[in-house]
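A.B. asks: My questions all concern the structure below.
The values are calculated or read from the model by the stated rules, or taken from the named source; none is laboratory data. Values in this document were obtained by computation on a predicted structure and should not be read as measured data. Backbone-built Cβ (ideal geometry, glycine too); neighbour counts: all protein chains shown.
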Amino acid sequence: MSDEERPIPAGDEPTGAIRWDGPGGRRWPRALGESTSGEEGGAALPEAPPPEEPTREQPPAAAESPKTAPSPKKKPGSKRRKALRKKQREEKKARRTKPQPEPDPWEEERSYRPIRTRRDGRIGCLGGLMYATFLISLSIILAVFMWMAASDVLALNKPAGQVEVTLPAEIFTQKQVDVTDDAGKVTGTKTVTSADIRTVSGILKDAGLINYKWLFQLYSSFSHADLKLNPGTYALSTNLDYRALVTKMQIGTGAQLQTLVMFPEGFNMDQVFARLEENGVCSAEALYEAAATAEFSYAFLEGLEPGDPYRLEGYLYPDTYYFYQGMQASSAINKFLSNMHYHVTEEMWQKTNSLGMTFRQIMTVASIIEKEAANDDERALIASVIYNRLKQDMPLQLDSTVVYARRATGETRVSPEIIQATDSPYNTYLNKGLPPGPICNPGMKSIQAALNPAESRYMYFALDMETKTVRFFIYYNEFEAFVATQDYG
């Protein structure tokens, strides 16, 4: 298309520069020099409708034959049109002569790359499918995880069975907690026993009672299970849920195993505590601490201040007891004391007063009788010898008290050298009167003998090694002659 044939922008063409061609009302620029008047033989064309109202355009009237059209007359806008065309030619020439920028190597390289078709639709569909697959997979994983956790907490689908687990006392510690009233106000503190939940969860996992240690630890943190558990051995079912496990592992429940332990007459406190430890009831260390510091409200302990664990010597009544495995030391000791309280009667208190003695002195005499007597018939006579020597202000000179003073060494043989080397208030060879307290835990027969001594003049007694009975003497020379015939090795 030549410059003369280029369309003139709307609004710039002069009147008469547009002709209608066809019923569609399409505008075409007329050729240069073409007449629009009747002078050149063409019929005059109507002016084009304004561009802002194209819907009102009307089809051109029938054109007259070019042969009869009059010669064109110059319109006032022809100069303007020429100037516009001149300007367009100058701009086109300027674009041709304008220096081109240096070519970009990257652009040149990219121009040789193949044109890729757009994949927006395909990626969107695939991305949605992948996202949906991810959500479904995540939901399935979470559902499986929650089901497994719930099955462990609630003990679902677990085979029935029974196992024994032991919570050792070593995993329990003492700690201070706040005491609050009904309004939630802190009113003080108290000491409680707290279990190491990490160790407990490991014990339960090894026993097959739980599957996830971390889950039991999480449950315990919310339920404060560490303050509810007690040391001991428990028989637990494998189909117990977490809550039932915590409830069962407490003292006094039917799940806690009990141990039957027998303590004979004449055991001292060291022997009693050692046997309790051997049977897994509690440690000897905890027992000594409880004996020294725990408060026990019994009349026969009146006046015995805390601090010395041996204040309870003589009051651990010998008998056969059931103990829970791993029970508290104070509770174990209280079993002995409670049994002692049950056996002490009002008549015994009255008899003690009639003898002008304290109950502790009676228990001290009874403990000596327990260690010296070989048979029940001898107990009352031994009591009479003890009281007769006390009345005469004579030292008791009893080997059993020296052995007790040296109990830490384990020696049971007494010699003059050992007697002189034993500096203890329990050495009745070197000290007059009764020792400071009982030397063992006597049985009821020895206690009754101390309360009801026989009437006698005996001042001495010695064991007959042949008959395994005790011989009694009034005079020292008779006693000395008999002892010379015995081999006490």
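A.B. asks: In the set 422, 428, 467, which member is over 26 Å from residue 300 (Cα atoms) and under 60 Å from the mean Cα position of the chain (by Cα)?
C.D. replies: Values: 428 fails: over 26 Å from residue 300 (Cα atoms); 467 fails: under 60 Å from the mean Cα position of the chain (by Cα).
Of 422, 428, 467, the one residue that is over 26 Å from residue 300 (Cα atoms) and under 60 Å from the mean Cα position of the chain (by Cα) is 422.
A.B. asks: Follow-up question, since we're still on this one. Failed condition for residue 205, given (1) exposed (fewer than 10 other Cβ atoms within 10 Å of the Cβ); (2) out of contact with any strand residue (DSSP E or B) (no Cβ under 9 Å at 6 or more places or on another chain); (3) of a type in the set (D, E, K, R), with all others met?
C.D. replies: For residue 205, the exception is condition (1).
A.B. asks: Restricting the stretch 239-280 to residues that are hydroxyl-bearing (Ser, Thr, Tyr) and farther than 13 Å from residue 324 by Cα, which is surrounded by the most Cβ atoms within 10 Å (Cβ to Cβ)?
C.D. replies: Our first condition is that a residue be hydroxyl-bearing (Ser, Thr, Tyr); within the stretch 239-280, this holds for 242, 247, 253, 259.
Okay, now just the ones that are also farther than 13 Å from residue 324 by Cα, so 242, 247.
Numbers: 242: 21, 247: 15.
It comes out as 242.
A.B. asks: While we're here: For residue 170, state whether it is part of a strand (DSSP E or B) and not assigned by TED's automatic domain parsing to the domain that holds residue 379. Walk me through how you get there before you give the answer.
C.D. replies: Details: part of a strand (DSSP E or B): no; not assigned by TED's automatic domain parsing to the domain that holds residue 379: yes.
Taking the combined requirement at face value, the residue does not satisfy it.
A.B. asks: Output the number of residues of the stretch 389-410 satisfying the condition of being surrounded by fewer than 12 Cβ atoms within 10 Å (Cβ to Cβ) and either acidic (Asp, Glu) or in a helix (DSSP H, G or I) (or both). Spell out the reasoning first.
C.D. replies: Filtering the stretch 389-410 down to residues surrounded by fewer than 12 Cβ atoms within 10 Å (Cβ to Cβ) leaves 391-393, 408-410.
Then drop every residue that is not either acidic (Asp, Glu) or in a helix (DSSP H, G or I) (or both), which leaves 391, 393, 408-409.
Residues meeting the conditions: 4.
A.B. asks: Restricting attention to the stretch 121-171, report how many residues are basic (Lys, Arg) and within 28 Å of residue 195 (Cβ to Cβ). Before you say what the answer is, go through the steps one by one.
C.D. replies: Looking only at the stretch 121-171, we keep the residues that are basic (Lys, Arg), and these are 122, 158.
Right, trim to within 28 Å of residue 195 (Cβ to Cβ) and you get 158.
So the answer is 1.
A.B. asks: I'd like the residue in the stretch 342-379 that is in a loop (DSSP other than H, G, I, E, B) and among the polar types (S, T, N, Q) and, out of all such residues, is modelled with the lowest pLDDT.
C.D. replies: So the residue we want is 375.
A.B. asks: Can you pull out the residues in the stretch 146-165 that are loosely packed, with under 13 Cβ neighbours inside 10 Å, more than 17 Å from residue 217 (Cα to Cα) and hydrophobic (A, V, I, L, M, F, W, C)?
C.D. replies: 147, 156, 160
A.B. asks: Here's another thing I want to ask about it. Give the residue that is nearest to residue 242 (Cα to Cα), with candidates limited to residues of the stretch 152-187 that are among the polar types (S, T, N, Q) and without any contact (Cβ under 8 Å) to a residue 60 or more places away in the chain. Before the answer, list the steps.
C.D. replies: Taking the stretch 152-187 as the starting set, the residues that turn out to be among the polar types (S, T, N, Q) are 157, 162, 166, 173-174, 176, 180, 187.
Next cut, without any contact (Cβ under 8 Å) to a residue 60 or more places away in the chain only: 157, 173-174, 176, 180, 187.
Values: 157: 14, 173: 22, 174: 24, 176: 26, 180: 27, 187: 32 Å.
Checking each candidate, the answer is 157.
A.B. asks: How do the pairs read when you match residues in the stretch 461-477 that are without any contact (Cβ under 8 Å) to a residue 12 or more places away in the chain with residues anywhere that are β-branched (Val, Ile, Thr), using Cβ under 9 Å and keeping only pairs 6 or more apart or on different chains?
C.D. replies: none
A.B. asks: Something else about it: Does residue 382 satisfy the criteria of being buried (at least 18 other Cβ atoms within 10 Å of the Cβ), under 55 Å from the mean Cα position of the chain (by Cα) and modelled with pLDDT of 95 or more?
C.D. replies: Values: buried (at least 18 other Cβ atoms within 10 Å of the Cβ): yes; under 55 Å from the mean Cα position of the chain (by Cα): no; modelled with pLDDT of 95 or more: yes.
No, not satisfied.
A.B. asks: Is it true that some residue in the stretch 456-478 is among the acidic types (Asp, Glu) and in contact with a Ser or Thr (Cβ under 8 Å, 6 or more places away or on another chain)?
C.D. replies: Restricting attention to the stretch 456-478, the residues satisfying the condition of being among the acidic types (Asp, Glu) are 464, 466, 478.
Next cut, in contact with a Ser or Thr (Cβ under 8 Å, 6 or more places away or on another chain) only: none.
No - not one qualifying residue is present in the stretch 456-478.
A.B. asks: Of everything in the stretch 219-238 that's surrounded by fewer than 16 Cβ atoms within 10 Å (Cβ to Cβ) and out of contact with any helix residue (DSSP H, G or I) (no Cβ under 9 Å at 6 or more places or on another chain), which residue is nearest to residue 192 (Cα to Cα)?
C.D. replies: 227
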